[in-house]
Every structure is written in C-alpha cells, then in structure tokens.
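J.: One structure, pasted below without further comment.
Any read-out appearing in this document is the output of simple, stated calculations on the displayed coordinates, not a laboratory observation. The model shown is predicted, which means the values in this text are computed figures rather than measured ones. Methodologically, a virtual Cβ is constructed for each residue, glycine included, from the backbone with ideal geometry; neighbour enumeration extends over all protein chains shown.
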Amino acid sequence: MQADLLIKNIGQLLTMDKQGPVKGSDMNDLQPLENVAVAVNNGKIDWIGPDDEAASIQAKKTINAGGKLVTPGLVEPHTHLVFGGSREHEMALKQQGVPYLDILKEGGGILSTVNATREASYDDLLEKALFHLDRMARHGITTVEAKSGYGLDKETELKQLKVAKEAGEKHPLDLVSTFLGAHAIPPEYKADPEAFLDIMADLFDDIKEQDLAEFVDIFTETGVFSVEQSRRYLLKAKEKGFGVKIHADEIDPLGGTELAVEAGAISGDHLAVASDEGIRQLAASDTIGVILPGTSFYLGKDSYGPARKMIDAGAAISISTDFNPGSSVTENLQLIMSIAALKLKLSPAEIWHAVTVNAAHAIGRGGQAGTIAADRTADIVIWDAPNYMYIPYHYGVNHVNTVIKNGNVLYERGEIR
C-alpha cells in the first residue's frame, strides 16, 4: 500500500466517527483506539488499522507519534474573527465595578470596536484576521466560523465579510462565514430598531450573490432585538436561502432558545439562562446549543450556563471560545475545554464531542470536519499528551505537537508552515 502520509505508533486515537450530531448520554460514550496507525492519501484518510500492520505501507512521509494522543482537528463554531482595535483599557474599568452601560456611554464597549472596525483599512483587517487564524491553528483548530457584526452599517459589514472570505482563501484553515449585522442597535437607530433591521436585511441579496456568508445571525436580548423582531428577521434570511443562527438567552431568558428551535436554526448560541422549556425543546430538536463558558469566565459571572442540564435532557451541545475583543479574548479552545470541565461539569468525553463532531455540525460541516474516518478530510492533531483526559486536566498551556490540515503538516512544534 502506498500513502502520502503515515502516522504510526499512535498511543490513543479518537476517531469521533459516530453519526452526528451526538446527543445526550451518547456524548459520554467515547471509544478510543489504541496502538494504531493512520494513512493519508490525496488529503483524505485512506486507512486506519493496527500499528503492527503499518510496516507494509510505503509512505512519502512518516510521522512517529511516539505513543501520543491523536484526534481530529478542533472545530471552532463561534468567533468574531474580523475586527479593528482592541479594548484592553476597559479591563481596569470593569475591575473597578464600572457598569458596562457607563463604559458604553463613554464610547467604549462594542461601539469602540465598531468605530475601530469602520476606520480600519481592508488590508489591516485582513492582516489581523490572518494573525488570529495562525494562533488558532497553533492551538489545534482546523475549521473556524467567523461572524461580522462590528460594522452596523452596510459598507463596513460588507467589508468584514469580504475580509473573512479572503482570509479563508489565503489561510489553510477552513473558514465558515456568518452575517451578524444585527449584532447591536447603533445609536442613531435606538428609537427605530426595525428600520435598522430592514437596512441589514437589504444586504441579503448582495451577500448571497457574492457568496460572502452561509449563515445569518441575530442578537436576541434585552436592549437589543426582541424575540418577535428576531423571528421576522430570521424568516427573511431563510427565504433568501441562508442557514440561521441566533445569539440568545445570554443575560435574560426571553425565549431565544425556543425561537432557535422554532426557526430551525442550526445552532442557538450562548443560552446561558435558557429556560427549562427551552432546554426541553432544544433536546427534542436538531438545533445544537453552542455554549460559551469563556465569556462567563472573562466577565466574572457566577453562572456558566446549563450545559449539564442540556446534555442530561438529551440535547447536543458544542463549546466555543467566542473569540472577540470585548468579552472573551482568547484563541485557545484548549483553555475553554478546561473551563468546560471545571465550571460546566462536563466529562472529558463530552468535551471532545463538543469540540469536534458536534462543533462541525453546528456550522454545517458535519460531513467534512470533526471526524477521522475513511474518505474524510485529513484534519488531524497530534498532542503532547498520553490520553484524551489529559488536555482538559492540564490547563492554560498549548498541548499541540503537530497539526495536519488536508493531509499536509501545517504546524509542528511551534512553526507554522
């Protein structure tokens, strides 16, 4: 047998090859393979078998995994990748107890990022996005969702989406784009949010024609958009052929989880205060709950969300960094895995399902990413760890040894190729 790449002497392999998304108690069922090898041809998995059979394979390149853990590349289902500026100056204000609304009145908060993104050049935004994608790659992520939402006007929202599209074309990581023009209400439309939603909906045709986004998202929350406004907006998006997502039930339980299910959203994100009825409906649906514990951690909140209750009810969940400049400033999904163990009380098996197969399904990539199986894209991570339980256990550092994207070594011990 010939192979482009052979990974041998794998101590433990997570294939994550169940029919996804994986729901409820099945998320705790993990069957690692031991002492195996993987062969790759033409960017896809060609063979998985006992390590002692790998000697007969003639490979152009061979990697000795040295008994380490090998898994699918991590899938990041919720980021705000493209933005201008940063907001480190706000951290001291938050520590002093200055309310977010007061920071907002002084030109800080999301409006600070909106202004910086509007002022940033296309090239500067692209360079910054590529930098963050490099950092994600170093931490084992091979597929990334990226939202707009820091323009809040037609010109800048389109600029963000075009930057994301070019970043996806230039960077080895796969990028899935989401239009989040309805991320907040700009000050000039505070008295008429419906008019602002109409302006954002006017972009649907251009976005579709230019292939700038696959999904449309909206922030359903007190002081932003109501459930009814969100319902109308998402239905318009679906009529134009977009998949839909929803930021919901982050602060107040308005019924956004229920709306995610009703609208057939591929995911409902945040869901930190989802109602019991919302959780019941989520568990009975195909919608995936994307939980963002890094946001609760960064903002110093006491509650990290009902992920445990959701799984116990039979739902499928994923977890994400929510990478953004205001409330979760990290590209390190491994850190979020540790927070999920410590604060969401998820088992290692549940966490691995949440960052691979379920995360892939949450962004419409269930057939390509998050799994190691024959004929699937060879997105693979070799970890400096002996088993899958070690990654969430040993927190705050990067455990990646080697990242393989589309069958090619992308990152190896500190060096992007």
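J.: Order the peptides 67-80, 289-302, 392-405 from the highest to the lowest mean number of other Cβ atoms within 10 Å of their residues.
T.: Working: 67-80: 27.0, 289-302: 21.0, 392-405: 18.3.
Per-residue Cβ counts within 10 Å, averaged per peptide and sorted highest first, yield 67-80, 289-302, 392-405.
J.: Here's a follow-up. Mind listing the Cα extents of region 323-389 along all three principal axes, in Å, largest one first?
T.: Principal axes ranked by extent give 38, 30, 21 Å for the Cα atoms.
J.: Can you bin every Cα-Cα distance in region 167-319 into 10 Å intervals starting at zero and give me the percent of pairs per bin, rounded to whole numbers?
T.: 11, 39, 34, 15, 1
J.: What is the sum of charges, Lys and Arg at +1 and Asp and Glu at -1, for the other residues whose Cβ falls under 11 Å from the Cβ of residue 44? Before the final figure, lay out the partial values.
T.: Values: positive: 376; negative: 4, 46, 375, 379.
After counting each charged neighbour, the total is -3.
J.: Rounded to a whole number of µm²/s, how large is the Stokes-Einstein D of region 183-266 at 4 °C and 1.567 mPa s, given Rh as the Kirkwood radius over C-alpha pairs?
T.: Values: Rh = 13.0 Å.
My calculation gives 100 µm²/s for D.
J.: Helix 154-170: angle to the longest alpha-carbon principal axis of the chain, degrees 0 to 90, nearest 10?
T.: Once rounded, the angle reads 10 degrees.
J.: Using all alpha carbons of the chain, what is the percent of pairwise distances in each 20 Å bin, ordered from the shortest bin to the longest?
T.: Values per bin, smallest distances first: 28, 58, 14, 0.
J.: On average over all directions, what projected area in square nanometres does region 273-417 have, based on the convex hull of its Cα atoms?
T.: The directionally averaged projection comes out at 9.5 nm².
J.: What are the radius of gyration and Dmax of region 351-410, computed over its Cα atoms and given in Å?
T.: For region 351-410, the Cα radius of gyration and maximum Cα-Cα distance read 12.4, 34 Å.
J.: Using a cut-off of 13 Å between beta-carbons, work out the net charge of the residues near residue 69 (Lys and Arg +1, Asp and Glu -1, residue 69 not included). Provide the component values of the computation, followed by the final result.
T.: Values: positive: 68; negative: 34, 384.
Taking every other residue near residue 69 into account, the sum is -1.
J.: Using alpha carbons only, how many degrees (0 to 90, rounded to 10) separate the axis of helix 227-239 from the longest principal axis of the chain?
T.: Around 60 degrees separate the two axes.
J.: Next question, about the same structure. Straight-line reach from residue 301: which lysines have Cα under 30 Å away, leaving out those fewer than 8 places along the same chain?
T.: 23, 94, 105, 128, 147, 190, 245, 309, 343, 345
J.: Still on this structure, please answer the following. If the only charges are +1 at each Lys and Arg Cβ and -1 at each Asp and Glu Cβ, what is the size of the charge dipole of the chain around the Cα centre, to the nearest 20 debye? Walk me through the numbers before you get to the answer.
T.: Values: 39 positive and 59 negative charges, 172 e Å.
Taking the Cα centre of the chain as origin, the dipole is about 820 debye.
J.: What 222 nm value per residue comes from the helices of the chain, counting each DSSP H run with n ≥ 4 as -39,500 (n - 2.57) and dividing by all residues, nearest 500 deg cm²/dmol? It would help to have the intermediate numbers written out before the result.
T.: Working: 16 runs with 143 residues, N = 417.
Helices in the chain give a 222 nm mean residue ellipticity of -9500 deg cm²/dmol.
J.: On to the next question. Could you list 220, 156 in order of exposure, starting from the residue whose Cβ has the fewest other Cβ atoms within 10 Å? Mind dumping the intermediate values first?
T.: Values: 220 30, 156 22.
The order, fewest Cβ neighbours first, is 156, 220.
J.: Next question, about the same structure. Report the antiparallel proportion of the DSSP beta bridges in the chain as a percent, rounded to a multiple of 5.
T.: Working: 27 of 62 bridges.
Expressed as a percentage, antiparallel bridges in the chain total about 45.
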